[in-house]
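The structure appears below as structure tokens.
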Amino acid sequence: MEEQIQAVRRMQDFIEQHLYENITAANLANASGYSAWYANRLFNHWLNITPAEYIRKLRLSKSALRLRDEQIKIIDVAYEVGFNSVDGYQRAFHREFGCNPKEYAKSPTALYLFTPYGILSSKKREEKDMSEVKSIFIQIIEKPARKVIIKRGVKATHYFEYCEEVGCDVWGLLLSMKSMSGEPVCLWLPKKYVKPGTSEYVQGVEVDTEYEVEVPEGFDVIQLPTCKYLMFQGEPFAEEDYEEAIEQIWKAEKKYDPSLIGFSWDMDNPRIQLEPRGERGYIELLPVKEIHE
């Protein structure tokens, strides 16, 4: 089973690295280490999507972000993502997102972008060698006053409960919304921001206080004040070790005394979790306030 998971990961990595090239079944077979037939079967089994559909969705989602952020012609985007005609690209874009790419480029709205999640390893945690001491980087940062467009859960206190209640595809929608911090965020909300019957753990996008774009149906907007944060960042980690990477940060947070640098924990602002990405290390931001004697 572990060999199958690693084979699918290698195919995902190959697709990411060669997304705009002509990716063939033979390419993916070579990346997986299996025959083309068996590689295709593994991909379908573990990701519940064909390689061709996976590539198409990923290309279209990447193209949507380019249309949102860049002054680029539709024809250029169409050819870059592998379509032979603008009409073909426009039809595919409309089927995927329900809108015309030209209209979207003029007035970007929230879209459900395709999010290519990896597969969790089947290795047991006790089999992993995590004995080395890991460094954790801590620094003070300040976030300005801002709005956060959030999707509330029901009772969720962490990511997996949230996914069960809301669905994991909400992250793709959040990715399509231009964030002032460059990426969506997960928040543990203080009680004053939690509506009755909803969760403390939410996902959302931080936007400027002047942001006036239409909020997607089922989402809320909260206003957050200027706040200082202690950012805890761990070392880069292998994707299958994400749980250990998170636990190391949580242990560091529990041990850390902010009064040593003249701060106390701020219980009136949300704790923030960024997407666990192995190449940069796990990151959390804990709100703090200065101690005034």
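The values are calculated or read from the model by the stated rules, or taken from the named source; none is laboratory data. Bear in mind the structure is a predicted one, so any value in this text is a computation, not a measurement. Here the Cβ is made from the backbone with ideal geometry for all residues, glycine too, and neighbour counts use every protein chain on show.
Does any residue of segment 138-150 turn out to be touching a residue at least 60 places away in the same chain (Cβ under 8 Å), among the polar types (S, T, N, Q) and out of contact with any Cys (no Cβ under 8 Å at 6 or more places or on another chain)? Looking through segment 138-150, at least one residue is touching a residue at least 60 places away in the same chain (Cβ under 8 Å), among the polar types (S, T, N, Q) and out of contact with any Cys (no Cβ under 8 Å at 6 or more places or on another chain). So, in segment 34-72, of the ones that are of a type in the set (S, T, N, Q) and surrounded by 20 or more Cβ atoms within 10 Å (Cβ to Cβ), which residue ends up nearest to ALA7 (Cα to Cα)? Per the criteria, the residue is SER61.
Of the residues that sit in segment 214-260 and are farther than 17 Å from ARG271 by Cα and in contact with a Pro (Cβ under 8 Å, 6 or more places away or on another chain), which one is modelled with the highest pLDDT? Filtering segment 214-260 for residues that are farther than 17 Å from ARG271 by Cα and in contact with a Pro (Cβ under 8 Å, 6 or more places away or on another chain), the one modelled with the highest pLDDT comes out as ALA245.
Only one of the numbered conditions (1) outside the structural domain of SER61 (by TED's automatic domain parsing); (2) part of a loop (DSSP other than H, G, I, E, B); (3) at pLDDT 90 or above is not met by CYS99, and that is (1). Among the residues of segment 182-214, those identified as touching a strand residue (DSSP E or B) at 6+ places or on another chain (Cβ under 9 Å), within 27 Å of GLY98 (Cβ to Cβ) and not acidic (Asp, Glu) are PRO184, VAL185, CYS186, VAL202, GLN203, GLY204, VAL205, VAL207, TYR211, VAL213.
In this structure, VAL77 does satisfy being in contact with a helix residue (DSSP H, G or I) (Cβ under 9 Å, 6 or more places away or on another chain) and within 20 Å of LEU113 (Cβ to Cβ).
In the condition set (1) under 30 Å from GLU279 (Cα atoms); (2) crowded, with 17+ Cβ neighbours inside 10 Å, PHE219 is compliant with all but (1). The strands (runs of 3 or more DSSP E) found wholly in segment 233-293 and carrying at least 3 residues that are surrounded by 17 or more Cβ atoms within 10 Å (Cβ to Cβ) and under 23 Å from the mean Cα position of the chain (by Cα) occupy 271-273, 283-290. A Cβ distance below 9 Å, combined with a sequence gap of six or more or placement on separate chains, defines the contacts here; from segment 192-217, residues that are assigned by TED's automatic domain parsing to the domain that holds GLU275 and among the polar types (S, T, N, Q) reach residues that are surrounded by 13 or more Cβ atoms within 10 Å (Cβ to Cβ) and part of a strand (DSSP E or B) in the pairs THR198/ASP220; GLN203/ILE150; GLN203/LYS151; GLN203/VAL185; GLN203/CYS186; GLN203/LEU187; THR209/ARG146; THR209/LYS147. For GLU126, the criteria (1) modelled with pLDDT of 90 or more; (2) not in a loop (DSSP other than H, G, I, E, B) hold in every case but one, which is (1).
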